[in-house]
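See below for the structure under consideration.
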Amino acid sequence: SSKSEDSLRSPICCIMGHVDTGKTKLLDCIRGTNVQEGEAGGITQQIGATYFPAENIRERTKELKADAKLKVPGLLVIDTPGHESFTNLRSRGSGLCDIAILVVDITHGLEPQTIESLNLLKMRNTEFVVALNKIDRLYGWKVCRNAPIVKAMKQQSKDVQFEFNTRLTQIVTQFKEQGINTELYYKNKEMGKDTFSIIPTSAISGEGIPDLLLLLVQWTQKTMVDRLTYSSECTVLEVKAIEGHGTTIDVVLINGILHEGDQIIVCGMQDPIVTSIRALLTPHPMKELRIKGSYLHHKEIKAAQSIKINAQGLEHAIAGTSLYVVGPDDDVENVKEAAMEDMRSVMSRIDKSGEGVHVQASTLGSLEALLEFLKTDEVRIPVSGIGIGPVHKKDVMKAIVMLEKKKEYAIILAFDVKVTQEARELADEAGVKIFIADIIYHLFDQFKAYIDNLKE
Ligand code: GDP
Ligand code: MG
């Protein structure tokens, strides 16, 4: 097979949960460092990442005497910010991830951001384990530094074990209320199927950390090797027309290799775009700028690199989505499904009543952010249609329909996009309002002023 093991990339794991549940401290504990105390106010202010080499993980799980032989080079863990105002960053974190650790404080149970994280994980279909952290806070806990959890639990008094079980049962019930089945990991035979695993941990004294690492590793072996082997990983940054090249897409190749002639699938507004790479282009090095046609052609390009791709049918590609390479063993239909995943989750947020404003944004990411904002309790603006890229006549047509249904929604909110001359003229003629801004709040202010004005 061409799938050589040393071509596997490291899985990306993100660590999520309510603020102060111990996300950063858990990473510190695994790393053997102390980032947590150095942080401003203890809050992780940006998306930071830590790479754990396989060797490190093997060492830490030795005592469990399980087969922790890793086929991946390591594990990249992203520590996402824990503060409420970082919802968008966090959703970006979970979007990147192959797996996630959801941290819950055993003394608090599920908290608002735990539930928010759960919803993001559900939305993205990301598998996760629950780290039930701060078990050392149980009254009378006897420290067994860095011990596997079963061993540590055996050392505890009846009272501690009783308190643990009571809290565990409560938390399992809270998860059930969110539609999620959970179970202690060593009792969960269905791991990763319908029941998610809970691993009790202490980020301070290290109990349960070997279990957490082992579970992530075993999981990787079981479910992730294929996923990490096949295609390259690529994100579309921008879609644009270039003189002499037609429509091209600028991408970042995060992992793997792209070849001229590769069959690729990109997310489109309605359907996936299946095409093949006609040219792989990078800008000429400075000294060669005089040479006519300022791009270099490549037969193949390895990650990480930013590249301009020329292929047929890219006009409707959507910035902010993933580009998939169809490998020799891949089922095209499956890849198409995967490519449309992002779009589906956005589409599902459109108001079913068919009454609402039309929203247009520059990339899928900015559209998601805007939709998220419009949904919040303070705002609550229903959306009936969405689009990505400049506002065209066809978008205005959609808003015109609303003139008859619900006049105040005959509006286009254009976020960080241009409006074509034709679209502008049609809108003026028909009485459709177009609000343009590059900051979400400004769009809302304009909308609100308009509505208040209508009411008077
Ligand atoms: P984050 O906001 O989720 O990243 O939480 P931090 O890692 O910053 O931890 C918040 C606070 O809880 C800090 O004071 C930590 O020292 C403390 N903490 C974290 N994990 C544990 C744990 O397992 N046991 C105890 N007793 N305290 C913990
Ligand atoms: Mg933190």
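The values are calculated or read from the model by the stated rules, or taken from the named source; none is laboratory data. Computed from a predicted structure; not experimentally measured. Backbone-built Cβ (ideal geometry, glycine too); neighbour counts: all protein chains shown.
Residue by residue through the stretch 400-432, note down the ones that are at pLDDT 95 or above and charged (D, E, K, R).
422, 424, 425, 428, 429
Return the residues of the stretch 114-167 that are modelled with pLDDT of 95 or more, of a type in the set (Ser, Thr, Tyr) and in a loop (DSSP other than H, G, I, E, B); say none if nothing qualifies.
Across the stretch 114-167, the qualifying residues are 139, 157.
Name the residues in the stretch 36-59 that are at pLDDT 65 or above and within 16 Å of ligand 1 (Cβ to nearest atom), would you? Full working, then the answer.
As a first pass, look at the stretch 36-59 and keep what is at pLDDT 65 or above: 50-59.
50, the sole residue that qualifies.
For the stretch 299-313, does any single residue satisfy the condition of being assigned to a loop (DSSP other than H, G, I, E, B), under 11 Å from residue 249 (Cβ atoms), in contact with a Ser or Thr (Cβ under 8 Å, 6 or more places away or on another chain) and of a type outside the set (D, E, K, R)? Explain how you work it out, then say what you get.
Applying the first criterion (assigned to a loop (DSSP other than H, G, I, E, B)) to the stretch 299-313 yields 299, 303-304, 311-313.
In the following step, the residues that additionally are under 11 Å from residue 249 (Cβ atoms) were identified as 311, 313.
Filter once more, so that each one left must be in contact with a Ser or Thr (Cβ under 8 Å, 6 or more places away or on another chain): 311, 313.
Keeping just the survivors that are of a type outside the set (D, E, K, R) gives 311, 313.
Yes: one or more hits.
State yes or no: is residue 159 among the acidic types (Asp, Glu), over 20 Å from residue 114 (Cα atoms) and buried (at least 16 other Cβ atoms within 10 Å of the Cβ)?
Working: among the acidic types (Asp, Glu): yes; over 20 Å from residue 114 (Cα atoms): yes; buried (at least 16 other Cβ atoms within 10 Å of the Cβ): no.
So residue 159 does not fit the description; no.
Among 237, 280, 253, which is the only one that is modelled with pLDDT of 70 or more, closer than 25 Å to residue 327 by Cβ and touching a Ser or Thr at 6+ places or on another chain (Cβ under 7 Å)? I'd like the intermediate steps shown before the answer.
Details: 237 fails: touching a Ser or Thr at 6+ places or on another chain (Cβ under 7 Å); 280 fails: touching a Ser or Thr at 6+ places or on another chain (Cβ under 7 Å).
Exactly one of 237, 280, 253 is modelled with pLDDT of 70 or more, closer than 25 Å to residue 327 by Cβ and touching a Ser or Thr at 6+ places or on another chain (Cβ under 7 Å), namely 253.
Go through the residues of the stretch 342-357 one by one and say whether even a single one is surrounded by 17 or more Cβ atoms within 10 Å (Cβ to Cβ), in contact with a strand residue (DSSP E or B) (Cβ under 7 Å, 6 or more places away or on another chain) and modelled with pLDDT of 85 or more.
yes
Would it be correct to say that residue 33 is part of a loop (DSSP other than H, G, I, E, B), within 16 Å of ligand 1 (Cβ to nearest atom) and at pLDDT below 75? Reasoning before the result, please.
Working: part of a loop (DSSP other than H, G, I, E, B): yes; within 16 Å of ligand 1 (Cβ to nearest atom): yes; at pLDDT below 75: yes.
Taking the combined requirement at face value, the residue satisfies it.
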